[in-house]
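The values are calculated or read from the model by the stated rules, or taken from the named source; none is laboratory data. Just so we're clear, the structure is a prediction, and the values are computed from it rather than from any experiment. In this analysis, Cβ positions are derived from the backbone assuming ideal geometry, glycine residues included, and neighbour counts consider all displayed protein chains. Surface accessibility is based on the protein's heavy atoms, side chains included, excluding ligands, DNA and RNA. Shrake-Rupley method; radii C 1.70, N 1.55, O 1.52, S 1.80 Å.
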Amino acid sequence: MNAAVAATQPPPLPPPATSSGTRPSTGPSTGPSTGPPTATPTAPTPLDVVTAADRIAPYTLPTPLLPGPEPGAAGGPRLLLKAEHLQLGGSFKTRGAANAVLALGARRIVTGSSGNHGIALARIARRLRVPLVVVLTAAASPAKVAALHALGAETVLTEGGVEEREARALALAQESGAVLIPSSDHPLVVAGGGTVGAEVLAEAPETEALYVPTGGGGLLAGTCLAAIGHPVRVVGVEPALTPRYARSLAAGRPVRLPPSTTVADGLRGQSPGTVTYPIVRDHVDELILVDEEAIVAAAEQLRRLGVHAEPSGAVALAGALRAGRREQAVAVVSGGNTPERLAALRHPRTERDTGRDTGPPAGPDRRTDARTSAVGTPRYAAHQATDRPHGHHNNPLHPHQHPQEHTP
């Protein structure tokens, strides 16, 4: 990264958006947000995903599609991997975090996180000089807690599971007057996550199935919105130890599960969100459950391909392999904050490791990634993403069917 860019002042925060992420078309700005929202959030729409893509462009990178495992003996198309482990901040969470911070004009932030959402917010908050408090459970990864401290965030540990964590975060936001930005259950976070699916469908519109790791449901809900108008099946993949969406859809209402110990620590949510659940219920095509052995095996397969993903980032691949269908499919590798990458955050050696690269690299090739798309280019040649707009291809809407639960 150009040192001159790293030293520049952060861009001013934009005026706050409405709860769905759309800026008011008339009337004066109400100023930056200084407290938790009190109104019921407006459900995000496909247009909000398009808006998010434009808003977060200076703070994120487009990630490539990489070749996945070779087809089995039955043959068929090669699975592709959406490489969100290469995203700034190490995961797709940077997309939703950036969209929420920028749209809300937040000046003080509180969040609850298992780690990656907090890291994403910490990088952006550091660049914008916004104080951040991250609430984590006592079972959170010590390496992720250390990375948060290295990025300048304050952390609060709480006993219990995700439900207790979120309650504590809400209480802190109300006490301090800070803006609460949840890790998944917020319209702006969902819309930001949806840009992952929008990028996939812009680069590979022939995709027949998109496998999405599912924890809180923000990435899955956002992908469902991005897929509207495309003939693609959206498949959510959950750890079998914490099947909160599968159980909820089977029951016809959100259900709460006990705290989980799945190795996919980023997917330990206990219940669907109020924003995410209706979107998933109405638009997801299928849910697949994968056991711990399958998650670990998928992570090892990714490592053999040179893709360094954390267990949560391997869940979608585990689901795609379990489905075993002959189809043009993409599995989202949602995160790569492995111990090695987190150590780099704690002991930065380059500007790219310090968290200051949440702004755009210098020059016209901001949208160039060091690795490459598997769509028509060599894997390790220079990858130049196009400036195609995120959004629809005017394809007929694939009729979503009622999701079916697959048990391991």
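In the stretch 273-301, the residue that is most open to solvent (accessible area, probe 1.4 Å) out of those that are closer than 22 Å to A209 by Cβ and in a loop (DSSP other than H, G, I, E, B) is D291.
Among all positions in the stretch 91-99, there is no residue which is more than 30 Å from L65 (Cβ to Cβ) and among the hydrophobic types (A, V, I, L, M, F, W, C). Is it the case that some residue within the stretch 245-252 is polar (S, T, N, Q) and free of Cβ contacts under 8 Å to residues at least 60 places away in the same chain? Yes, the stretch 245-252 contains a residue that is polar (S, T, N, Q) and free of Cβ contacts under 8 Å to residues at least 60 places away in the same chain.
Criterion first (touching a strand residue (DSSP E or B) at 6+ places or on another chain (Cβ under 7 Å), surrounded by fewer than 20 Cβ atoms within 10 Å (Cβ to Cβ) and over 25 Å from R165 (Cα atoms)) does R108 satisfy it?
No.
Yes or no: A140 out of contact with any helix residue (DSSP H, G or I) (no Cβ under 7 Å at 6 or more places or on another chain), at negative phi and surrounded by 21 or more Cβ atoms within 10 Å (Cβ to Cβ)? Yes, satisfied.
Just the residues that are surrounded by fewer than 18 Cβ atoms within 10 Å (Cβ to Cβ) and touching a helix residue (DSSP H, G or I) at 6+ places or on another chain (Cβ under 7 Å), please, taken from the stretch 117-130.
Within the stretch 117-130, no residue meets the criteria.
Within the stretch 160-186, the set of residues being open to solvent by 20 Å² or more (accessible area, probe 1.4 Å), of a type in the set (A, V, I, L, M) and in a helix (DSSP H, G or I) comprises V162, A167, L170, A171, L172.
Report whether or not T195 is surrounded by 23 or more Cβ atoms within 10 Å (Cβ to Cβ), closer than 30 Å to R322 by Cα, in contact with a Phe, Trp or Tyr (Cβ under 7 Å, 6 or more places away or on another chain) and touching a residue at least 12 places away in the same chain (Cβ under 8 Å). The answer is no for T195.
As for the stretch 26-46, it holds at least one residue that is modelled with pLDDT of 60 or more and of a type in the set (A, V, I, L, M).
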